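Notes follow once the structure below has been shown.
The values are calculated or read from the model by the stated rules, or taken from the named source; none is laboratory data. On a predicted model such as this, the values are computed, not experimentally measured, just so you know. Note: ideal-geometry Cβ built from the backbone for every residue, glycine included; neighbour counts use all protein chains shown. Side chains included, ligands, DNA and RNA excluded: accessible areas come from the protein's heavy atoms. Shrake-Rupley method; radii C 1.70, N 1.55, O 1.52, S 1.80 Å.
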Amino acid sequence: MTEPAENRSEDLLFEFPDGSQRSFASGITGHDIAKSISGRLAREALSITVDDTVLDLHRPLYTGGTISINTWEHEDGKMAFWHSSAHVLAEAVEQLYPGVKLGIGPPIEQGFYYDIDFGDTKFGTEDLPAVEAKMIELARQKNTFDRFEISKEEALEHYKKKDDPYKLDLIEGLEDGTISFYKQGSFTDLCRGPHIPDTSTIKAVKLLNTAGAYWRGDNQSKQLTRIYGVSFPKKSMLDAFLHQLEEAKKRDHKKLGPQLGIYMIDRMVGSGLPMWLPNGTVLRRTLESFLREEQIRRGYQEVITPHIGNLELYKTSGHYPYYKDSQFAPMDVDDEGYLLKPMNCPHHHRIYDNEMRSYRDLPVRLAEFGTVYRYEQTGELNGLSRVRGFTQDDAHIYCSQEQLKEEIKNCIDLTQFVFNTFNMPVDIRLSFRDDNEKKYGGDLELWEQAQKDIREAADEMQLDYTIAKGEASFYGPKIDFIIHDALGRKWQLGTVQVDYVMPERFNLTFTGADNQKHRPVIIHRAPFGSMERFTSILIEHFAGYFPLWLSPQQAVIIPVSDQYNDLAGEYEKELLQAGIRVKTDRKKDQIGAKIRNAETAKIPYMLIIGEKEKENRTVSVRKHKKGDIGNFNFSEFLSIIKREIDDRMLPESDGG
């Protein structure tokens, strides 16, 4: 951070997260500020954030603003820690494999990776332990991460001498001026930072796996080796992470999904095109009915649109050709171009424009469970969570500027209602624009009003949120909902996006009270996001032990022998008429085997019928994972199970 001459002797005013303010001399470092608060904070600090910019602790500060001291408990602290760990990984690989060429090494949500060209040297998972050991050896040297800047010309000359095509490619794409580097020990890397003070904080490392990665994601470029890893300031944290990793493997939807009859992927049908099996169809339709009923109560109208559309539609919306790399190739039909639908929104805009709209008609809320198609590279496909054909719970709200804030609040409320139903805590991020005007469309004044409305809506609803500048969509600011599953993992699902661009592109209007034409504002809204991805998260969140209301099969009737089949049939018929998803197990297996089969299938209730139950018109009830819970009058049990379904009660334990 270059020192502005006018600030050299001035005090800087900083505002801390608790609202308190303090002044410090210009040129002070984040470490010194942390030390002025407490010695412990100075020891635990990893980075600082000033006005949304994350900086090294030892970087001099010449402007004030909002400030936070980032420890391991802060996301910005973790990101700096893992970014630094990626540099140590690259240093270790360079020492063990001289002559390798380095790509990029960023932090990610859980750890870090580095893309490396090993040339003719073979490198695989069996080589990871040696690199781990080298990383720990280097970390113990307590090398500081020192930042320095050189000109673009000097940087290019450096990497030409080093014969490093990947760094040269990166530098050539940068603007003219100074370029920052970081050095720790004998290792130097092109990097804008930030980094932790020194390597000694890195106490535990686990390199998880390797994968192929095309340079810059271009499948026409060379494929590099991507090494994924994670690191921690304490070994106990790594142990807890590895335990969580094992638990995640048990919950993996790619294993549980097919095992529970939720979905299948068949090569003859196509990669990334899941087919919902009977159990999965019940699960999905139940989710759809849950949201559909709630949307009807909130004034939405449901529509259905085609799976393809004329290419001109997507040219008008801007989805083609700007996003053509993520779409399937157009097809020719009667000398016209058609495209597999990549988005539902253009179709909804045409429905809105199908009739004249008055301000009295607004807001218009159009909803659809619409299937869309995106081209994903084969290596990026992942069960239900990353597919080529998926269904979005899309809705588009057309409202006036005056109605915008209230409609945003309604969307937030609906999204929170959805995630609360599944006991998923939510982080909320307000994604606003930054100063790069080239990234955004629409009128700046409208943007500022929309950002003001979003923030006021969040404040009025007393939401705990963060603001992410530069994360807005090109057509408007948005609210992102990041849920936490049972393992504490974070998933970005629901979004509420304000759109000023599409009303212009599609020339959408309504007649105002002044009898003049006005542009509506559009809100894009999708609580689940995609039914496929949400289902993959649900499977892992509940470990396949779904809440009763969501379970594909809610009960199984198990007659002790064939002589009780008639009574089992009566009970099955009555349960089915009451809307309970139930089957009778009439196999010749022993009673113990039938119970084990029901446990494996994760069926919530087992109703055992023997002589005593036949005499008393009762059922002996076993509850999944709890065992025998007693003998019930049949009508009493029916009332209990219906109440549990109607109240959408959650399991007492999430499984595991």
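Assorted remarks:
- For segment 540-628: span of alpha carbons on each principal axis (Å, largest first): 41, 28, 20
- Burial order of peptide ranges 451-457, 375-381 (average beta-carbon count within 10 Å, highest first): 451-457, 375-381
- Among the protein heavy atoms, those of residue 160 account for about 120 Å² of accessible surface (1.4 Å probe, every chain in place).
- Listed peptides 34-46, 487-499 appear in the order 487-499, 34-46 once ranked by packing, highest mean of other Cβ atoms within 10 Å at the front.
- Axis of helix 565-577 versus longest Cα principal axis of the chain: the two differ by about 60°, to the nearest ten degrees.
- P(r) tail fraction, segment 162-280 - alpha-carbon pairs more than 19 Å apart, %: 72 percent
- Whole-percent carbon and sulfur share, accessible surface of segment 290-352, 1.4 Å: 53 percent
- Residues whose amide H comes within less than 5 Å of that of residue 12, counting only those at least five positions distant or on another chain, are 24, 25, 26 (H built at 1.01 Å from N in the peptide plane).
- Along segment 63-79 the Karplus relation, 6.51 cos²θ - 1.76 cosθ + 1.60 evaluated at θ = phi - 60°, assigns HN-Hα couplings of 9, x, x, 6, 9, 9, 8, 9, 9, 4, 6, 9, 4, 5, x, 4, 4 Hz to successive residues, with x for each Gly and Pro.
- Of every Cα-Cα pair in segment 474-542, the percent that sits beyond 19 Å: 52 percent
- The tail of the calculated P(r) for segment 208-253 beyond 17 Å holds 55 percent of all Cα-Cα pairs.
- Computed over protein heavy atoms with a 1.4 Å probe, the carbon and sulfur contribution to the accessible area of segment 493-622 reaches 45%.
- Rg over Rh for segment 36-94 works out to 1.03, using Cα positions for both radii and the Kirkwood form for Rh.
- Taking every DSSP beta bridge that has both ends in the chain, the antiparallel portion is near 85%.
- The mean sequence separation of alpha-carbon pairs under 8 Å and at least six residues apart, normalised by the residue count of segment 250-308, gives a relative contact order of 22 percent.
- Taking all protein chains together, 405, 249 sort by accessible area into 249, 405, largest first [probe 1.4 Å].
- Highest to lowest packing among 328-337, 288-297, scored as the average C-beta count within 10 Å: 288-297, 328-337
- Within segment 141-246, GluC sites (Glu not before Pro) in DSSP loop having at most 16 other beta-carbon neighbours inside 10 Å: 175
- Checking the Cα-Cα distances for 588/623; 142/203; 203/235; 583/612 against a 18 Å cut-off, the pairs over it are 588/623; 583/612.
- Relative contact order of segment 433-514, defined on C-alpha pairs under 8 angstrom at six or more residues apart (%): 30 percent
- Nonlocal amide H pairs with residue 471, under 5 Å, H built at 1.01 Å: 432
- Measuring between their Cα centroids, segment 10-54 and segment 106-133 lie 35 Å from each other.
- Under Karplus coefficients 6.51, -1.76 and 1.60, residue-wise ³J(HN,Hα) of segment 423-429 in Hz, glycine/proline x: 6, 10, x, 10, 9, 10, 10
- Accessible surface computed residue by residue for the chain, with neighbouring protein chains in place and a 1.4 Å probe, gives 48 Å² per residue.
- Each Cα pair under 8 Å and six or more residues apart adds its sequence gap; the mean of these over the residue count of the chain is a relative contact order of 8 percent.
- Computed on segment 386-468, the Cα convex hull volume stands at 155 Å³ per residue.
- Rg followed by Dmax, in Å, when the chain is reduced to its Cα trace: 29.0, 95
- When the listed pairs 324/517; 35/234; 206/324 are checked against a 28 Å cut-off, the alpha-carbon distance exceeds it for 324/517; 206/324.
- Out-of-range pairs (alpha-carbon distance over 23 Å; input 594/614; 249/602; 341/452; 78/254): 341/452; 78/254
- Accessible-area value, residue 31, 1.4 Å probe, nucleic acids and ligands omitted, Å²: 50 Å²
- Label-point separation in nm, residue 148 to residue 647, each point 7 Å along Cα→Cβ: 6.8 nm
- Rg/Rh ratio calculated on Cα atoms of segment 291-449 (Kirkwood radius): 0.98
- Cα centroid of segment 492-515 to Cα centroid of segment 544-614, whole Å: 51 Å
- Computed [θ] at 222 nm, helices only, for the chain once each DSSP H run of length n ≥ 4 contributes -39500 (n - 2.57): -10000 deg cm²/dmol
- For segment 267-345, alpha-carbon Rg relative to the globular expectation (2.2 N^0.38 Å, N residues): 1.43
- Accessible-area composition of segment 9-134, carbon plus sulfur, in percent [1.4 Å probe]: 49 percent
- Using equal-weight Cα scatterers in the Debye expression, the normalised intensity of segment 343-392 in log10 at q = 0.13, 0.21, 0.24 Å⁻¹ is -0.47, -0.79, -0.91.
- Set of lysines near residue 101 by C-alpha distance (under 21 Å), chain-local residues within fewer than 8 positions excluded: 122, 134, 152, 160, 161, 162, 167, 183, 222
- Residues whose placed amide H lies under 5 Å from that of residue 526, excluding near-sequence neighbours: 495
- Residue-span extension gain [residue 466 to residue 160] - 0.36 nm each, minus C-alpha spacing: 106.0 nm
- Degrees separating the helix 404-421 axis from the principal Cα axis of the chain, which is the longest one: 60 degrees
- Calculated from backbone phi, Karplus (6.51, -1.76, 1.60) coupling profile of segment 192-200 in Hz, x at Gly/Pro: 9, x, x, 9, 6, x, 8, 6, 5
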